[in-house]
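Enquirer: What follows is a structure written as structure tokens; I'll ask about it next.
None of the figures in this text is laboratory data; all of them are computed from the coordinates on show. Keep in mind that this is a model prediction, so the values were computed, not measured. Glycine also receives a Cβ, built like all others from the backbone with ideal geometry; neighbour counts cover every protein chain displayed.
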Amino acid sequence: MIHFIARAWVQIQRLTVAVFTVAFLGLPAMASEGGFVAGPLGGSDLRAALAPPPGTYLLLMPLGGNVADFRDGNGNKSPLGFSGSTAGAGAGLYHVFEDMVAGGSFGLGVTGAAAKVCLRVSALNRSQCQTDFGDTYVEAFWSRPIGELGISGTAADDPRRQYIPYGLTLGMSLGAVLPTGAYSPENLANVGLNTTVLVPSLAATWISPPWLADGTEVSSRIFYNIHDRNDTTGYQAGDMLVVDWALTERVGRFQFGPAGTYATQMRDDRQNGKNLGKTEVISLGGVIATDLPEFGMFVAFKALTDVEAQYRLRVDRAILRIGIRF
């Protein structure tokens with residue numbers, strides 16, 4: 001029994017170290033060390049390819065969540081009894097330049113967060129809480145309207161076109177997660193990842209004519225995460241493909257609808273020459289947002305839950321995004 005518990009504890013260290021915090025920073029985390037879904041804080045949902053007007057924007061992002069359980073490679077619940085919670089806040093600074101690049105808007109952004117993260121493994125009577133700063137995400141992004149596809153006739157003269165970008169917009173970005181957060185290989189719950197992740201992405205947003213209300217929006221952003229090696233542990237996470245999406249309706253200054261994420265590793269995680277499996281996860285939930293132009297603000301709330309998972313902590317999480325233009 002002692003030998004079994006010792007081996008189980010080693011696996012838990014490998015599967016949870018440097019990951020738990022990222023799950024609650026709005027980025028659906030993997031259960032393997034370093035194997036997580038990297039990207040902007042809170043992920044992407046509505047308006048995925050749209051850039052705001054030129055200017056400088058401050059983002060404030062309270063967040064929180066809970067661990068439901070841990071799922072193995074077959075999607076089965078672990079008998080070890082994982083649970084946990086987090087509460088924290090993120091902040092970001094984005095700037096969209098006045099000058100156009102290749103006919104589109106260009107900008108730069110940086111976000112980071114601090115959180116209190118707690119994790120417990122009941123079968124081992126082991127728990128830990130950590131409070132510190134997490135890793136930093138930086139990105140350069142570009143956005144360009146392609147055309148008012150599907151807009152014709154009376155819709156082409158609709159006054160709502162003045163403030164709703166009907167048609168198709170495409171975007172792309174190059175981001176990176178920088179290992180600035182607190183990290184120790186001895187911790188059960190870490191706030192940093194101790195690895196750099198390169199995060200290129202492509203995005204598309206299409207807004208229909210005002211069929212139901214002011215316009216139906218279909219948005220998606222596809223990330224490809226390229227993980228560096230964790231030199232402290234020798235852990236190499238496999239590359240990941242991540243698809244964020246949202247299907248929302250615009251009604252006046254409000255916008256709401258379902259949202260979700262699908263993520264899968266393209267190859268297994270590896271450590272000391274051994275394959276340690278790869279992660280797949282499906283997260284579903286919803287998002288609601290409102291524009292407050294009289295205050296130069298944008299507010300959005302999103303909640304997601306992992307409905308299917310392999311080799312990861314299955315989590316419920318929520319984030320509030322408040323954007324303020326200077």
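Enquirer: Stretch residue 95-residue 241 to full length: gain in nm at 0.36 nm per residue minus the Cα-Cα span?
Expert: On the way: separation 146, 0.36 × 146 = 52.56 nm, distance 2.71 nm.
Separation in residues times 0.36 nm, less the Cα-Cα distance, equals 49.9 nm.
Enquirer: Shifting gears a bit: When averaged across all projection directions, what area in nm² does the alpha-carbon convex hull of the range 184-326 cover?
Expert: 10.8
Enquirer: Let me ask another. In the range 51-149, what is the volume of the convex hull around the alpha carbon atoms, normalised per residue and reported in Å³?
Expert: Cα-based convex hull of the range 51-149, divided per residue, equals 163 Å³.
Enquirer: Using Cβ contacts closer than 10 Å as the measure, can you line up 197, 138 from fewest to most?
Expert: Fewest to most other Cβ atoms nearby, the residues stand as 138, 197.
Enquirer: Please turn the phi angles of the range 306-322 into ³J(HN,Hα) values with the Karplus equation 6.51 cos²θ - 1.76 cosθ + 1.60 (θ = phi - 60°), one per residue in order, whole Hz, x for glycine and proline.
Expert: So the J values, rounded to whole Hz, are 7, 8, 9, 7, 9, 6, 6, 5, 8, 10, 10, 8, 8, 9, 10, 10, 10.
Enquirer: So for 311, 94, fewest C-beta neighbours within 10 Å to most, what's the order?
Expert: Values: 311 24, 94 21.
Fewest-to-most Cβ neighbours within 10 Å comes out as 94, 311.
Enquirer: Can you compute the FRET efficiency between residue 297 and residue 76 using 1/(1 + (r/R0)^6), with r the Cβ-Cβ distance and R0 = 30 Å? Round to the nearest 0.05.
Expert: Calculated transfer efficiency: 0.10.
Enquirer: Another question, if that's okay. Between residue 125 and residue 66, how many nm apart are label points set 7 Å from Cα along the C-beta direction?
Expert: Taking the two extended label points, one gets 2.5 nm.
Enquirer: On to the next question. Sort 283, 127, 85 so the one with the fewest other Cβ atoms within 10 Å of its own Cβ comes first.
Expert: 127, 85, 283
Enquirer: Another question about this same structure. Pop the C-beta distance of residue 180 and residue 211 into the FRET formula with R0 = 45 Å and round what comes out to the nearest 0.05.
Expert: Efficiency, rounded to the nearest 0.05: 0.50.
Enquirer: I would also like to ask the following. Residue 302: which lysines have alpha carbons under 26 Å from its alpha carbon, excluding same-chain residues fewer than 8 sequence positions away?
Expert: Of all the lysines, those that pass the test against residue 302 - Cα under 26 Å, at least 8 places apart if same chain - are 77, 116.
Enquirer: Normalised by the residues of the range 157-268, what does the relative contact order come to in percent, with Cα pairs under 8 Å and at least six apart? Let's see the in-between values first.
Expert: Working: 236 pairs, mean separation 22.4, N = 112.
Relative contact order, the range 157-268: 20 percent.
Enquirer: List the residues whose amide H sits under 5 Å from the amide H of residue 133, counting only those 5 or more places along or on another chain, with H placed 1.01 Å from N in the peptide plane.
Expert: 182
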